[in-house]
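The values are calculated or read from the model by the stated rules, or taken from the named source; none is laboratory data. Just so it is clear, the model here is predicted, and its values are computed rather than measured. Cβ placement follows ideal geometry from the backbone for every residue including glycine, while neighbour counts extend to all protein chains displayed. Accessible surface is based on the protein model in full, side chains and every heavy atom, while ligands, DNA and RNA are left aside. Shrake-Rupley method; radii C 1.70, N 1.55, O 1.52, S 1.80 Å.
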Amino acid sequence: ALPGKDGWVSLHLADTAPLLLPPPLPVELTPLHQSALEVLAPGYGLFFRQIADQVRATTHPEATDPQLADVLWDLAWSGRLTNDTLSPLRSLLGSGRTAGATAHRAKRAVPRGRYGSLTAATARAGTNRPTASRGGPPTVAGRWSLL
């Protein structure tokens with residue numbers, strides 16, 4: 001991490017990462033940091049919501065999403081965690097807009113399919129199926145895992 005919302009990022013192939021990555025930087029590990037590391041210890045990637053749920057279920061029921069997001073970034077900047085996408089980094093460091101995005105977006109026409117009136121009627125009735133949430137703040141999107 002660097003002052004402000006900045007930091008150095010390195011990209012490594014998974015096969016060569018153990019040979020090329022420097023050792024993790026020192027960071028003061030609080031009990032919340034330790035809990036996050038323990039949740040990720042089995043070695044697979046977890047989405048933020050899965051990490052948050054497991055940390056709250058085991059040791060820190062009072063932990064908030066912003067606190068857990070800060071913990072993940074502390075661990076990432078120290079070189080202990082990685083993510084499978086660059087979108088949380090973009091969201092943390094910038095406006096969150098992707099390359100090629102324009103300031104003004106044209107309105108999209110409502111798609112009209114064969115059953116357009118049926119889907120519009122169910123949307124108005126509020127009968128849409130809920131989607132599974134892997135969410136959290138956009139700065140912690142993607143799967144997090146230990147390096």
**Prompt:** Of the residues that make up segment 3-15, is at least one modelled with pLDDT of 90 or more, in a loop (DSSP other than H, G, I, E, B) and not acidic (Asp, Glu)?
**Reply:** no
**Request:** For residues that are out of contact with any His (no Cβ under 6 Å at 6 or more places or on another chain) and either open to solvent by 50 Å² or more (accessible area, probe 1.4 Å) or of a type in the set (Val, Ile, Thr) (or both), tally how many sit in segment 19-48.
**Result:** 19
**Message:** Quick check on segment 1-16: of everything there that is of a type in the set (Gly, Ala, Ser) and under 16 Å from Leu75 (Cβ atoms), which residue is least open to solvent (accessible area, probe 1.4 Å)?
**Reply:** Gly7
**Request:** Working only within segment 59-73, note down all residues that are closer than 28 Å to Ala14 by Cβ and open to solvent by 60 Å² or more (accessible area, probe 1.4 Å).
**Result:** Asp70
**Verdict on Ser78 being touching a residue at least 24 places away in the same chain (Cβ under 8 Å), in contact with a helix residue (DSSP H, G or I) (Cβ under 9 Å, 6 or more places away or on another chain) and among the small types (Gly, Ala, Ser)** = no
